[in-house]
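Student: The following block contains the structure, expressed as structure tokens.
Just so it is clear, none of the values below were taken in a lab; they were calculated from the coordinates. Quick caveat: nothing in here was measured; it's all calculated off a predicted structure. Here the Cβ positions follow ideal geometry from the backbone for every residue, glycine too, while neighbour counts run over all protein chains shown.
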Amino acid sequence: MPLYFVLDALGWIDTPLALIFPAGASAFGTFLLAQFFRGIPRELEEAAIIDGCGRWGVFVHVVLPLGRPALITLGIFTFGGSWNSFLGPLVFLESIDRYTLPVGVALFQGSYLTEFGLTFAASVLSTPPVLIAFVIFQCHITAAAADNGLKNPADRAAWPTQVTPSGAVRAAAPRRRWWNGSI
């Protein structure tokens, strides 16, 4: 209930912001990003400071590009959880035309009659967006998991590197196929 009062005071009830911001500031996200950013060697930040970057420059040009896999992983998990959320949209959204798919699927169930065909069809149609997002971004999830497991900065240097369009050099996770190669 306190979350409802906060969102009401901000004027976000019955808006998409009522679903986006609480999902983005979850305990899981805080823990995931804290653990990932703790694994970034302090020497990289010190080298950027020696090169003339301020605190904001270190964050934008060093820490944020290295944290991209973790941020994308958090985005995928948050998107999947928010996409399947039932209680949040039911409580925070008042207009029927703003309901999310899980709440819309529940509307097919009445007191005396349930449209099983429509319910199953809507359930099947609500699954592909999450699967497509996972397939597109799975290499970033793998990179975040692999990069987080490295304890020695020398291991990170042994990985192949990529030069981003902005000119920053970052470690690149080895690309893996999402199938086993046999047809």
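Student: How large is log10 of I(q)/I(0) for segment 50-116 at q = 0.19, 0.23, 0.26, 0.28 Å⁻¹ when the intensity is taken from the Debye formula with one equal scatterer per alpha-carbon?
Tutor: Those come out to -0.82, -0.96, -1.07, -1.13, one per q.
Student: A follow-up question, please. Tell me which residues come under 5 Å, amide H to amide H, from Glu115 once H is placed; ignore anything under 5 positions away on its chain.
Tutor: Gly110
Student: Each residue of segment 54-67 in order: what ³J(HN,Hα) in whole Hz does its phi give by Karplus 6.51 cos²θ - 1.76 cosθ + 1.60, θ = phi - 60°, with x for Gly and Pro?
Tutor: Per-residue couplings from phi come out as x, 4, 5, x, 4, 5, 6, 9, 10, 6, 5, x, 6, x Hz.
Student: Still on this structure: Apply the Karplus parameterisation 6.51 cos²θ - 1.76 cosθ + 1.60, with θ equal to phi minus 60°, to every residue of segment 6-14 and state each ³J(HN,Hα) to the nearest whole Hz, in sequence, with x for glycine and proline.
Tutor: For segment 6-14, the Karplus curve yields 5, 5, 5, 5, 7, x, 9, 5, 6 Hz.
Student: Pick out, in residue order, every one of the chymotrypsin sites (Phe, Trp or Tyr not before Pro) in segment 87-118 that is DSSP loop and has at most 12 other C-beta atoms within 10 Å; say none if there are none.
Tutor: Tyr112
Student: With 17 Å as the cut-off, how large is the P(r) tail for segment 83-145, expressed as percent of Cα-Cα pairs?
Tutor: 54 percent
Student: Across segment 122-134, in residue order, what do the Karplus-derived ³J(HN,Hα) couplings come to in whole Hz, using 6.51 cos²θ - 1.76 cosθ + 1.60 with θ = phi - 60° and x for Gly and Pro?
Tutor: For segment 122-134, the Karplus-derived couplings read 5, 5, 5, 6, 8, 7, x, x, 5, 5, 5, 4, 5 Hz, x marking Gly and Pro.
Student: State the Kirkwood hydrodynamic radius of segment 36-76 in Å, one decimal place, computed from all pairs of distinct Cα atoms.
Tutor: The Cα-based Kirkwood calculation yields 10.6 Å.
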